[in-house]
């Protein structure tokens with residue numbers, strides 16, 4: 001399967017308004033709504049709001065494969081205190097309007113005690129008021145926009161490092177490689193690309209990394225050559241793109257076509273452009289490296305490839321979904337299988353085994369991983385390999 005990347009369709013104001021309006025309506029699962037957990041021997045259901053159709057459908061497929069593997073493992077090991085686990089999927093297309101409708105459906109379903117998703121922060125954030133009103137925990141494990149948790153409530157949690165932290169790290173790492181000037185492109189999206197670039201630029205200005213030119217690009221475009229020509233006109237030593245895999249794949253190919261040979265740097269959101277020949281030698285920082293020698297990583301990669309032999313590479317997207325299912329199960333075991341129990345469990349769990357972090361604990365204030373770390377990786381022969389110090 002050709003891998004694309006994660007995160008964000010632009011959130012329309014109307015979607016956010018619709019979310020708030022729905023949140024204020026008489027929800028059958030609001031303050032006193034459905035919270036029933038699993039009765040003796042019954043199945044525990046989690047919801048998944050994700051794209052199964054549309055431009056982000058490949059991510060929905062990646063998530064589903066990882067979820068299915070994790071569910072098999074959990075149920076083989078006895079489920080949640082004897083209760084089997086199952087997932088209910090709803091296709092949001094990772095679209096803000098659709099995600100609000102999906103949220104309403106899940107909130108009104110008394111069997112659902114937690115929801116994974118959405119794929120993009122732009123789709124997750126408009127749905128958050130619905131989940132909060134329904135007291136249903138929204139686990140946006142893939143959502144890197146800081147606002148998802150910072151402007152959310154106790155019902156919004158994420159295991160993703162924020163874009164601001166990620167691109168601050170990227171600027172620092174580039175400078176440490178002896179690079180003193182860089183050309184930049186970034187997605188012209190208000191809810192992700194622009195703030196991510198602003199974090200990168202702020203750090204670059206602070207540490208003396210000169211941005212020779214920065215060009216905002218349309219993620220749906222097929223021709224980036226005019227922007228790239230401007231971005232490298234100042235002869236920067238390297239190039240950085242703040243974006244996702246689909247645009248990065250097109251962009252790096254066109255960058256090489258216009259003759260730029262410097263190192264291409266990106267964020268972990270671009271990890272899925274590994275099949276692009278011109279991406280060879282690119283450097284990104286990531287939370288997950290499939291080639292890691294850590295036993296938990298190798299066990300996961302082996303199990304994933306055994307179940308899905310057609311998959312040649314395993315990325316953060318699969319690892320993140322796999323971890324998320326196991327984190328939700330750990331929370332249910334700790335606090336209980338109903339909505340209140342799931343929330344209690346998330347507030348109390350610590351050191352949950354993780355293929356991404358080794359062990360995952362949440363910062364109770366940010367509701368994100370405590371002290372996350374990024375690993376620099378280089379693309380060699382179509383695979384991401386950790387760069388040794």
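The values are calculated or read from the model by the stated rules, or taken from the named source; none is laboratory data. Everything numeric in this text was worked out from a predicted model, so none of it was measured. In this analysis, Cβ positions are derived from the backbone assuming ideal geometry, glycine residues included, and neighbour counts consider all displayed protein chains.
Looking at region 89-100 only, could you name the residues that are on the phi < 0 side of the Ramachandran plot, surrounded by fewer than 24 Cβ atoms within 10 Å (Cβ to Cβ) and not in a helix (DSSP H, G or I)?
To start, the set of residues in region 89-100 that are on the phi < 0 side of the Ramachandran plot comprises 89-92, 95-100.
From the residues that got through so far, the ones that are surrounded by fewer than 24 Cβ atoms within 10 Å (Cβ to Cβ) too are 89-91, 97-98.
Result: 89, 90, 91.
Hey, could you check region 35-51 for residues that are modelled with pLDDT of 95 or more and crowded, with 18+ Cβ neighbours inside 10 Å and say which is nearest to residue 326 (Cα to Cα)?
Here the residue is 46.
With the condition kept exactly as written, say whether any residue in region 242-253 is touching a strand residue (DSSP E or B) at 6+ places or on another chain (Cβ under 9 Å) and without any contact (Cβ under 8 Å) to a residue 40 or more places away in the chain.
yes
Looking at region 276-288, is at least one residue surrounded by fewer than 24 Cβ atoms within 10 Å (Cβ to Cβ), in a helix (DSSP H, G or I) and touching a residue at least 60 places away in the same chain (Cβ under 8 Å)?
yes
So residue 196 fits all but one of (1) part of a helix (DSSP H, G or I); (2) modelled with pLDDT of 95 or more; (3) within 17 Å of residue 265 (Cβ to Cβ); what number is the exception?
All conditions pass for residue 196, except number (2).
Can you tell which of 103, 57 is surrounded by 20 or more Cβ atoms within 10 Å (Cβ to Cβ) and modelled with pLDDT of 80 or more?
On the way: 57 fails: surrounded by 20 or more Cβ atoms within 10 Å (Cβ to Cβ).
Residue meeting the stated conditions: 103.
Kindly state which strands (runs of 3 or more DSSP E) lie completely within region 316-389 and contain at least 2 residues that are touching a helix residue (DSSP H, G or I) at 6+ places or on another chain (Cβ under 8 Å), at pLDDT 95 or above and at positive phi. Can you show your working first?
Working: elements: 352-354, 358-360, 375-380, 383-386.
Per the criteria, no element qualifies.
Identify, from the list 259, 243, 266, the residue that is assigned by TED's automatic domain parsing to the domain that holds residue 198 and farther than 22 Å from residue 375 by Cα. Even if it seems obvious, please write down each step before you answer.
Details: 243 fails: farther than 22 Å from residue 375 by Cα; 266 fails: farther than 22 Å from residue 375 by Cα.
Just one listed residue meets the conditions, 259.
Where residues in region 173-203 are in contact with a helix residue (DSSP H, G or I) (Cβ under 6 Å, 6 or more places away or on another chain) and more than 13 Å from residue 238 (Cα to Cα), which of them is surrounded by the fewest Cβ atoms within 10 Å (Cβ to Cβ)?
Once the filter is applied, the top-ranked residue is 203.
So, residue 31, is that one assigned by TED's automatic domain parsing to the domain that holds residue 156, at pLDDT 50 or above, assigned to a loop (DSSP other than H, G, I, E, B) and over 30 Å from residue 279 (Cα atoms) or not? Before the answer, list the steps.
On the way: assigned by TED's automatic domain parsing to the domain that holds residue 156: yes; at pLDDT 50 or above: no; assigned to a loop (DSSP other than H, G, I, E, B): yes; over 30 Å from residue 279 (Cα atoms): yes.
Judged against the criteria, residue 31 is not a match.
Does residue 113 satisfy the criteria of being within 16 Å of the chain's Cα centre (by Cα) and either assigned by TED's automatic domain parsing to the domain that holds residue 329 or at pLDDT below 95 (or both)? Steps first, please.
Details: within 16 Å of the chain's Cα centre (by Cα): no; either assigned by TED's automatic domain parsing to the domain that holds residue 329 or at pLDDT below 95 (or both): yes.
So residue 113 fails the test.
Anything in region 148-163 that is over 14 Å from the mean Cα position of the chain (by Cα) and assigned to a helix (DSSP H, G or I)? List them, or say none.
Residue satisfying the conditions is 150 alone.
Could you count how many residues in region 164-187 are free of Cβ contacts under 8 Å to residues at least 60 places away in the same chain, more than 30 Å from residue 352 (Cα to Cα) and within 19 Å of the chain's Cα centre (by Cα)?
1
Would you confirm, using the coordinates I've provided, whether residue 239 is surrounded by 15 or more Cβ atoms within 10 Å (Cβ to Cβ), touching a helix residue (DSSP H, G or I) at 6+ places or on another chain (Cβ under 7 Å) and under 20 Å from residue 145 (Cα atoms)?
Details: surrounded by 15 or more Cβ atoms within 10 Å (Cβ to Cβ): yes; touching a helix residue (DSSP H, G or I) at 6+ places or on another chain (Cβ under 7 Å): yes; under 20 Å from residue 145 (Cα atoms): no.
Judged against the criteria, residue 239 is not a match.
Tell me yes or no: at least one residue of region 298-321 is out of contact with any strand residue (DSSP E or B) (no Cβ under 6 Å at 6 or more places or on another chain), under 20 Å from residue 197 (Cα atoms) and touching a residue at least 40 places away in the same chain (Cβ under 8 Å).
no
Look at residue 206 and say whether it is outside the structural domain of residue 144 (by TED's automatic domain parsing), surrounded by fewer than 18 Cβ atoms within 10 Å (Cβ to Cβ) and not in a strand (DSSP E or B). Break it down into steps so the answer makes sense when it comes.
Working: outside the structural domain of residue 144 (by TED's automatic domain parsing): yes; surrounded by fewer than 18 Cβ atoms within 10 Å (Cβ to Cβ): yes; not in a strand (DSSP E or B): yes.
Here the answer is yes, as residue 206 does meet what is asked.
What pairs come up if the first residue lies in region 351-363 and is loosely packed, with under 14 Cβ neighbours inside 10 Å, the second is outside any strand (DSSP E or B), and their beta carbons are under 6 Å apart, counting only those six or more places apart or on different chains?
Short answer, once both residue conditions are applied: 351/361; 359/351; 363/370.
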